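Just so it is clear, none of the values below were taken in a lab; they were calculated from the coordinates. All values reported here derive from a predicted model rather than from experimental measurement. A quick note on method: Cβ atoms are made from the backbone with ideal geometry, for glycine too, and the neighbour counts reach across all protein chains shown.
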C-alpha cells in the first residue's frame, strides 16, 4: 500500500487526480487530502469499494481513518 495525495481541486473518486506521496501533507478536517491504497500499473490508487466506503465515513464523521487523511475546509 502507498499514500496518494489528492491534487488541488481534484475529484477524490478519480484515480488520475492523485499523486504518489511518501508523506501526505494534510491538516485539519473536512475534505479528502490523501488516501492509502494499492498502486495500479500507472502508479495511481486502486479505488476499491471498501476504500470508497472508508472515504465516505471519514467525510461524514469528520475523522480520518487508517487509509484516509482529511484537510481543512477553506
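Key figures for this structure:
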item: Fully extended contour minus Cα-Cα distance, from residue 38 to residue 66, at 0.36 nm per residue; result: 8.7 nm
item: With Cα atoms, 0 to 90° folded angle of helix 49-61 axis to the chain main axis; result: 20 degrees
item: Estimated distance in nm for a label pair at residue 50 and residue 2, the labels positioned 7 Å out from Cα along Cα-to-Cβ; result: 2.0 nm
item: Helix-only mean residue ellipticity at 222 nm for the chain, each DSSP H run of n ≥ 4 adding -39500 (n - 2.57), per residue, nearest 500; result: -5500 deg cm²/dmol
item: Mean separation of Cα contacts under 8 Å (6+ apart) over length of the chain, as relative contact order %; result: 35 percent
